[in-house]
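S.K.: I have a structure here, written as structure tokens, and I will follow up with some questions on it.
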Amino acid sequence: MRIDPKVYNRRYDRRIVQDLKEEEKKLRCVIGSGWYRAEVEHPKEWERLRQVIAEIKSRCEIECEVCGKHAYEMWATLGLDKVYCSEHVPRGVMLIRVQDRIGGNDVPVPYVVGNGSVEFRYDDVIMWAEPSMYGVNGQMVSAGYMVYFCWVEHGRRIWKLWESEVDRLRRGKIEEVMVEIATKWKAGVRRCSGCGKEMKLEEVAGYPLFAGINCHECWERHCEETEEQRRTGKVCSMCGKPWNDCYC
Ligand SMILES: [Zn+2]
Ligand SMILES: [Zn+2]
Ligand SMILES: [Zn+2]
């Protein structure tokens with residue numbers, strides 16, 4: 001199914017954009033490498049180049065289905081037929097983060113972090129997946145190592161994945177695993193970032209850096225370790241706090 005790219009931006013027109021990009025290339029050739037002199041030596045080309053760049057931007061920027069605005073962080077449905085800013089992402093729908101511009105194939109291109117990781121989102125759960133040969137609508141992402149990081153609370157807290165979950169993720173069950181986690185999270189289940197044990201919200205003993213969440217035993221151990229660091233001078237040279245507590 002071919003999607004009309006105007007759903008991403010009403011002003012998008014592949015031919016016009018291609019012409020503009022050609023023009024941009026020519027202007028850059030004329031201006032050459034003397035950028036700091038360009039405004040004086042090639043005032044006309046300089047002015048036109050700025051216009052062309054702005055025109056390409058305004059025609060290619062992806063706009064939110066709900067508010068029509070462009071944002072740096074944009075999310076698309078897996079079919080790439082709808083895009084949202086992070087303020088207007090719908091609940092109960094699997095989404096993938098996309099770059100903020102329409103790609104060369106007239107569709108949004110997945111946003112890639114690190115070694116080809118893509119970012120999936122389902123409600124409050126975010127999964128960084130480095131999938132091997134995984135593609136969305138024919139958009140090849142990467143042949144990576146298959147590493148997964150999971151976050152909840154819009155990425156503020158880590159969700160330690162169990163080996164069994166990682167196995168399923170590797171077999172492509174990303175949505176299934178994410179929906180399960182979102183359901184648990186909503187029901188008040190929390191998972192210790194130290195040992196992976198699940199607990200009720202009221203059983204959470206502490207929140208270690210960074211983005212951690214601990215059961216009673218792991219928090220005790222964390223506090224002892226921090227105390228040990230304080231005693232033995234394993235402290236940050238910037239803030240003076242034990243390494244465990246340092247944000248620097
Ligand atoms: Zn929006
Ligand atoms: Zn624990
Ligand atoms: Zn510090």
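S.K.: Does Lys186 meet the test of being surrounded by 14 or more Cβ atoms within 10 Å (Cβ to Cβ) and more than 16 Å from ligand 2 (Cβ to nearest atom)?
M.R.: Judged against the criteria, Lys186 is not a match.
S.K.: Looking at Lys26, is it within 30 Å of Phe120 (Cβ to Cβ) and either away from ligand 2 (no atom under 16 Å from the Cβ) or among the β-branched types (Val, Ile, Thr) (or both)?
M.R.: no
S.K.: Let me ask you something else. Look through Val30, Val52 and report the one residue that is modelled with pLDDT under 95, outside the structural domain of Cys85 (by TED's automatic domain parsing) and aliphatic (A, V, I, L, M).
M.R.: Matching residue, one of Val30, Val52: Val30.
S.K.: Continuing with the same structure: Can you tell me how many residues in segment 220-243 are within 30 Å of the chain's Cα centre (by Cα) and under 23 Å from Glu163 (Cβ atoms)?
M.R.: Final tally of qualifying residues: 1.
S.K.: Filter segment 57-84 for residues that are within 19 Å of the chain's Cα centre (by Cα), surrounded by fewer than 19 Cβ atoms within 10 Å (Cβ to Cβ), aliphatic (A, V, I, L, M) and more than 26 Å from Glu176 (Cα to Cα) and give the result.
M.R.: The answer is Ala71, and nothing else.
S.K.: Filter segment 26-54 down to the residues that are loosely packed, with under 11 Cβ neighbours inside 10 Å and basic (Lys, Arg) and list them by number.
M.R.: Lys44
S.K.: Also: State all residues of segment 171-213 that are within 15 Å of Ile158 (Cβ to Cβ), part of a loop (DSSP other than H, G, I, E, B) and either within 16 Å of ligand 3 (Cβ to nearest atom) or among the hydrophobic types (A, V, I, L, M, F, W, C) (or both); if no residue qualifies, say none.
M.R.: Of everything in segment 171-213, those that are within 15 Å of Ile158 (Cβ to Cβ), part of a loop (DSSP other than H, G, I, E, B) and either within 16 Å of ligand 3 (Cβ to nearest atom) or among the hydrophobic types (A, V, I, L, M, F, W, C) (or both) turn out to be Cys192, Cys195, Val204, Pro208, Leu209, Phe210, Ala211, Ile213.
S.K.: Among the residues of segment 223-245, is there at least one that is without any contact (Cβ under 8 Å) to a residue 12 or more places away in the chain, in a loop (DSSP other than H, G, I, E, B), surrounded by 15 or more Cβ atoms within 10 Å (Cβ to Cβ) and within 16 Å of ligand 3 (Cβ to nearest atom)?
M.R.: Scanning segment 223-245 turns up at least one residue that is without any contact (Cβ under 8 Å) to a residue 12 or more places away in the chain, in a loop (DSSP other than H, G, I, E, B), surrounded by 15 or more Cβ atoms within 10 Å (Cβ to Cβ) and within 16 Å of ligand 3 (Cβ to nearest atom).
S.K.: Being farther than 15 Å from Glu119 by Cβ and surrounded by fewer than 16 Cβ atoms within 10 Å (Cβ to Cβ) is the filter here, so list the residues in segment 154-167 that pass it.
M.R.: Trp162, Glu163, Ser164, Val166, Asp167
S.K.: Scanning for something of a type in the set (Gly, Ala, Ser), surrounded by 13 or more Cβ atoms within 10 Å (Cβ to Cβ) and either more than 9 Å from ligand 2 (Cβ to nearest atom) or without any contact (Cβ under 8 Å) to a residue 40 or more places away in the chain (or both), does segment 208-222 turn up at least one residue?
M.R.: Yes, that holds for at least one residue.
S.K.: If I filter segment 160-168 for residues that are within 14 Å of ligand 2 (Cβ to nearest atom) and assigned by TED's automatic domain parsing to the domain that holds Met127, do I get at least one hit?
M.R.: yes
The values are calculated or read from the model by the stated rules, or taken from the named source; none is laboratory data. These figures come from a predicted structure and were not determined experimentally. Quick reminder, even Gly has a Cβ in these numbers, built from the backbone with ideal geometry, and neighbours come from all protein chains shown.
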